Amino acid sequence: MSTNIVLIDDHKLFREGVKRIIEFEDDFNVVAEGDDGSVAVDLVTEHNPDLVLMDINMPELNGVEATAELLEKFPELKVIILSIHDDENYVTHALKSGAQGYLLKEMDADALIEAITVVSEGGSYLHPKVTHNLVQEYRRLITDEEGGMGSGSTVAKLKNIEHRKPLHLLTRRECQVLQLLAEGKSNKGISDTLYISEKTVKNHVSSILQKMSVKDRTQAVVTAIKNGWVEIL
């Protein structure tokens, strides 16, 4: 089954580059494109796509507002936000609007294709750098709730979880990959760190998701943080 995509971005050169990458894939098809969120509803109504790639900053109607409007009318639609901002406030607003993915425009072609694949299959996808920032924000919130890092109980808790690995569930190598996912590393970054091929990394990630019963790497990281399976430095 082909995944039909509407592409919304006000920078024509960027839009053309993204379209070219997408259409190298046999299963992906850009059926329409526009330069502002204000045309998104009309294009989706006309072309009935599976997924929308939506720029976050546009002159008339921004991507967050357009996403909320689209998903109110088309609740089954999938939306991935494209952005230059890695700040957690932008990410939070995008996710609250209903977007299932958030990609930074510094992404490479593999990340774009992976994001479209994951989201079109019902998962969610965050750019690795964004995941890292959200982990840091999550850690800050935990620290604030527990009275700050100066508290003896908090320090003790953090020290205790540093050595808690889910070895009942994952192999030691998979634990290493999970830790690097939590640090915001891409598949290539994990490959370079562990001196293994990117194909092997993808196999480890697939195994981790299956064993943890989660749909995507973002859910895996959140679950790992909640269970104290990764260090959040």
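Figures for the structure shown
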read-out	value
Under 5 Å, built H, 5+ apart or other chain: amide partners of Val30	Ile5
Shape category assigned to the stretch 1-117 from the gyration tensor of Cα positions, a/c cut at 1.5	rounded
Under Karplus coefficients 6.51, -1.76 and 1.60, residue-wise ³J(HN,Hα) of the stretch 189-205 in Hz, glycine/proline x	x, 5, 4, 5, 5, 9, 6, 10, 6, 5, 4, 5, 4, 4, 5, 5, 4
Global geometry of the stretch 74-136, whether rounded, prolate or oblate, following the gyration tensor of its Cα atoms and the 1.5 cut on a/c	oblate
Loop GluC sites (Glu not before Pro), the stretch 1-88, which have at most 15 other Cβ atoms in a 10 Å radius of their Cβ (DSSP)	Glu23, Glu25, Glu60, Glu76
With eigenvalues of the C-alpha gyration tensor scaled by 5 and rooted, the stretch 24-64, Å	20, 12, 8
Global geometry of the stretch 172-227, whether rounded, prolate or oblate, following the gyration tensor of its Cα atoms and the 1.5 cut on a/c	prolate
For Ile190, net neighbour charge (Lys/Arg +1, Asp/Glu -1) across residues whose Cβ lies under 10 Å away	0
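Rule-based calculations on the coordinates, nothing more; no lab input. Computed from a prediction, not measured in an experiment: that's the story for all the values here. Neighbour counts run over all protein chains shown; Cβ positions are idealised from the backbone, glycine included.
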